[in-house]
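See structure below.
The values are calculated or read from the model by the stated rules, or taken from the named source; none is laboratory data. Since the model is a prediction, treat every value here as computed from it, not as a measurement. Cβ coordinates were reconstructed from backbone atoms using ideal geometry, including for glycine residues, and neighbour counts include every protein chain displayed. Ligands, DNA and RNA are excluded from the accessible area calculation, which covers all protein heavy atoms including side chains. Shrake-Rupley method; radii C 1.70, N 1.55, O 1.52, S 1.80 Å.
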Amino acid sequence: MNTADPNTRPQTGGLLSIVIPCHNEAEIIQATHRRLQQVLSSTGMNHEVIYVDDGSRDQTLRELEKIVASDPHVTVVELSRNFGQQAAMSVGLSEARGDATVILDADLQDPPEVIPQMLTRWRNGADVVYGQRRTREGETAFKLITASLFHRLFRKLVPYRMPVDTGDFKLLDRAVVEAICQLPEKRRYMRTLVAWSGFKQEPVLYDREARSAGATKYSPLKLL
Ligand code: UDP
Ligand code: MG
């Protein structure tokens, strides 16, 4: 991978892309967008928000159409069926045009208020800024144990630096997005590809709250 050049990074302004994979999130998506809008208007950057509807069977698409009609910064990509979160994030990344792109869950477990801290670290030279969970609310014991074991085992198996206690909530510099989009992998696991790509990674700590509404889309079986 080529390295990214922090000197070409806009110190003010620039375009920020937000990518949000959504599967059956009708109950929460309006609240998510409102909270995100407040944060985005405070960043001083132009922005675009890309919602990827991953084959939702509820009213998510209808709700997203309402958001598009009222906010010119928003695009919605509609997938033909449920391909899974990883594929939905990939599609969103391929649409993103930002100098920086943030991937965010739709359920407010990734607090948008952390984005300004991510931007500061990025402007100071980090290519990837990952949200690292200081605390984690509202998860089952099964989820906490499997996630912890998986992260720690995986870290030992791979020859590159793999941060623990992180999910998909992260900021990626333009160079990282382009590198990931060029990879030939069809079935992607975004967290490992980002770590594998070797760009300069830095954490921002945050407290992960419980889902604001709806239920996790991962049954224990799907999680395994
Ligand atoms: N998601 C998706 N496709 C799926 C499953 C989930 O796009 O098949 C989205 C979901 O809408 C949310 C994010 O991926 O924005 C994380 O899902 P979830 O909150 O259910 O996972 P958890 O936080 O329980 O790990
Ligand atoms: Mg969640």
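A few comments on the model shown:
- Residue pairs meeting the criteria (Cβ under 6 Å; at least 6 apart or on separate chains; first within 22 Å of Val177 (Cβ to Cβ) and of a type in the set (Asp, Glu), in the stretch 197-218; second more than 16 Å from ligand 2 (Cβ to nearest atom) and modelled with pLDDT of 90 or more): Glu202/Arg121; Glu202/Ala126; Glu202/Val129
- Selected residue (criterion: nearest to Val102 (Cα to Cα)) from residues of the stretch 156-171 that are within 16 Å of ligand 1 (Cβ to nearest atom) and open to solvent by less than 30 Å² (accessible area, probe 1.4 Å): Lys170
- Residue match in the stretch 214-222 (condition: more than 13 Å from ligand 1 (Cβ to nearest atom) and part of a loop (DSSP other than H, G, I, E, B)): no
- Within the span defined as the stretch 180-199, every residue fails to be open to solvent by less than 80 Å² (accessible area, probe 1.4 Å), closer than 26 Å to Glu137 by Cα, away from ligand 1 (no atom under 16 Å from the Cβ) and part of a loop (DSSP other than H, G, I, E, B).
- The residue pairs whose first member lies in the stretch 118-129 and is over 8 Å from Gln201 (Cβ atoms), whose second member is assigned to a helix (DSSP H, G or I), and whose beta carbons are closer than 6 Å, counting only pairs six or more residues apart or on different chains, are Gly125/Pro6.
- Hits in the stretch 129-155 - residues which are part of a helix (DSSP H, G or I), surrounded by 14 or more Cβ atoms within 10 Å (Cβ to Cβ) and hydrophobic (A, V, I, L, M, F, W, C): Ala147, Phe154
- Among the candidates Ala87, Ala106, Ala69, the residue that is farther than 23 Å from Asp127 by Cα and under 16 Å from the mean Cα position of the chain (by Cα) is uniquely Ala106.
- Positions within the stretch 18-59 being farther than 19 Å from Ser212 by Cα and touching a Lys or Arg at 6+ places or on another chain (Cβ under 6 Å), in sequence order: Gly55
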